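The values are calculated or read from the model by the stated rules, or taken from the named source; none is laboratory data. All values reported here derive from a predicted model rather than from experimental measurement. Cβ coordinates were reconstructed from backbone atoms using ideal geometry, including for glycine residues, and neighbour counts include every protein chain displayed. To get the accessible areas, we keep the full protein, side chains included, count just its heavy atoms, and leave off ligands, DNA and RNA. Shrake-Rupley method; radii C 1.70, N 1.55, O 1.52, S 1.80 Å.
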Amino acid sequence: MNLDKDKAAIAARLRQAGAMLRFRGESLHRARAYERGAETIEAFSGDLQRLVSEGRLTELPGIGRSLAATITALIQEGQSATLERISGDLPGPLAELINVRGFTPRRIQLLHDRLDVATVEDVRGALASGAAAQVKGIGPVVADKLLAALDRSAGPRQTLLPEAARLAARLLNHLRSQPSVVQSSVAGTVRRCVEVVGELNLVAASAGPEEVVASFLRHPAVAAVVQRNAADCTVRLRQGLSATLTVAAPATFGAALLCATGATAHVDQLAQRARALGLALDQIPGATEWDVYRALGLCLIPPELREGRGELAAAAAGDTFADLVTDEDVRGAVHCHSVHSDGNATIAEMAAGAARLGLSYLTVTDHSPAAAYAGGLSAEALRQQGREIDQLQEQVPLLLLRGAECDILADGSLDYGEDVRDELDVVIASIHERHKMDAAAMTTRLARALGHRRFKIWGHPLGRLLLRRPPVACDFEAILDVLAGSPSAIEVNGSPYRLDLPAELIPAARRRGIKFVISADAHSVAEFGNLRSGVAVARRGGLRRGDVLNTLPAEEFARVTRSHG
């Protein structure tokens with residue numbers, strides 16, 4: 001493959017390397033470095049060949065010396081020894097398969113070695129013909145699943161919110177660099193903070209829409225044009241997502257942004273309200289969304305709530321959503337891991353990181369023994385950790401709370417006994433294995449675990465991994481009834497791979513008076529940033545400041561979580 005000056009191909013190779021590192025369970029930091037490098041190369045509009053020849057690649061954001069050497073090798077030699085080591089013996093095209101569910105590196109290698117396939121289409125043919133089913137280690141059942149997964153991947157790609165938001169921000173910066181653009185914003189599912197995104201939406205205000213559209217189509221992330229008009233276009237991006245740009249007149253930017261942001265149900269309800277007032281929603285004048293809502297006799301409804309699930313009726317009844325929980329409301333970092341189990345930082349480092357963010361308390365909740373794969377702590381190791389926390393408390397400016405993420409075992413018992421749990425400030429009860437139990441058995445398991453007299457937080461409640469593992473099957477309403485009668489709270493887990501409890505299930509718990517915590521599920525200092533994602537999900541679910549326990553001051557939070565029924 002001739003990679004000289006081919007930015008898209010270079011970015012694809014870097015992204016494949018990042019994906020391979022993730023699948024092999026190697027350093028996430030290293031994987032993300034390759035992925036950010038791919039984004040930087042795609043966004044760079046200058047002469048990449050010149051930067052390489054002048055040895056200036058490290059001037060680009062996110063490109064260090066090691067990554068610069070890899071890119072230089074790709075451009076000058078068409079290959080990189082570093083990337084070859086990461087990919088093993090797999091041909092470059094086959095590395096794309098690691099982004100398809102079920103295609104583990106081992107399975108890809110088997111198909112390559114036994115059937116001499118070299119491209120994704122070769123693999124598809126081997127799966128469809130039945131040849132792959134004859135390979136030892138694959139078999140008919142796995143082959144059928146792989147073919148179905150490959151067929152699904154051929155459709156529009158979906159990605160997690162953080163990746164979509166980063167890509168949308170790059171496109172937005174490009175729009176803002178255009179002289180004729182006077183306003184611009186990300187819209188659609190990214191602005192509503194929907195967990196999984198398939199399409200990016202952007203809106204710009206300009207008196208020269210054709211020029212703005214033409215400039216957008218020249219962005220290096222654009223792979224193909226799906227449709228184009230004078231004031232809007234839809235494209236397919238190199239990452240597989242689609243993106244739609246709408247260019248509005250400055251005088252109606254507010255209406256354009258509102259219509260491009262809200263879910264269909266929300267926009268339809270607004271349009272109906274507008275017609276009742278003798279107005280056309282998309283023609284209501286105003287440079288801001290507030291102008292449009294005000295013309296309709298409503299307050300400004302936060303973007304996260306614009307789903308058509310009763311928010312218009314609430315606004316019409318006088319709700320201003322002023323107490324919807326915000327990032328600033330969260331006072332403590334809940335659900336945090338350290339090097340004692342599977343975290344990447346010491347307790348002291350985690351405490352310092354939380355203090356820098358202005359947080360006033362930190363729960364140290366490493367894994368229990370059943371999570372042996374994550375370095376779960378024995379009861380004695382947990383007590384030793386407690387002594388370390390007591391000593392460290394004198395040296396840090398925030399309250400440290402002793403806790404554990406205690407596995408919910410298959411029979412509904414909790415991994416640590418009551419004597420151990422009663423020594424802790426915080427107990428998080430979570431499922432980490434046997435996710436495929438039938439709904440009746442899972443309901444019994446969860447109900448038993450969450451009915452204990454000791455206060456506990458139901459951690460990442462439905463156990464989902466976005467785009468990888470579905471939620472557990474259970475009678476959710478029945479479990480909520482158990483929670484409502486016991487001293488418990490539900491976690492809104494801010495890990496971008498979980499974002500669990502799902503926003504649409506939050507109202508049912510809130511109606512029962514059940515409290516929540518918004519957690520970072522932080523395994524490093526950098527992952528305290530997950531709190532923002534957790535807050536976004538909480539807002540989508542309509543949580544108010546008073547619903548969330550870690551908006552409380554430190555001692556009050558500790559008093560609640562130490563309680564017994």
| Positive-end extreme of charge dipole, the chain - chosen from LEU83, LEU424, GLY513 (charges on Cβ) | LEU83
| remark: For 208-216, 490-498, ranked highest to lowest by mean beta-carbon neighbours within 10 Å, the order is 490-498, 208-216
| request: Using per-residue counts of other Cβ atoms within 10 Å, averaged over each peptide, order 248-261, 55-68 from highest down. | output: 248-261, 55-68
| query | Looking at VAL186, ALA255, LEU57, which one has the Cα that reaches farthest to the positive end of the dipole of the chain (charges on Cβ: Lys, Arg +1; Asp, Glu -1)? | reply | ALA255
| Antiparallel DSSP bridges in the chain: what percent, to the nearest 5? | 40
| Taking H as built 1.01 Å from N, whose amide H comes closer than 5 Å to the amide H of ASP415, not counting residues under 5 places away? | ASP407, LEU409
| Inter-label distance, nm, simple model (7 Å from Cα along the C-beta direction), ARG468/ARG166 | 1.6
| said: Give me the one-decimal Kirkwood hydrodynamic radius in Å for the range 472-565, with the sum taken over alpha-carbon pairs. | reply: 13.8
| task | Could you work out how far the C-alpha centroid of the range 273-316 sits from that of the range 112-178, in angstrom? | result | 41
| field | Cβ-based charge dipole, the range 362-490, positive-most Cα from PRO461, SER378, PRO397 | value | PRO461
| task | Leaving ligands, DNA and RNA out of it, rank VAL182, VAL267 by accessible area with a 1.4 Å probe, largest first. | result | VAL182, VAL267
| Regarding the range 328-414, what are the three Cα extents along the principal axes, ordered largest first, in Å? | 40, 28, 19
| note | For LEU237, other-chain or 5+-apart residues with amide H closer than 5 Å (H placed, Pro excluded) are ALA223, SER242, ALA243
| task | Calculate the length of the line joining the C-alpha centroid of the range 496-565 to that of the range 32-64, in whole Å. | result | 39
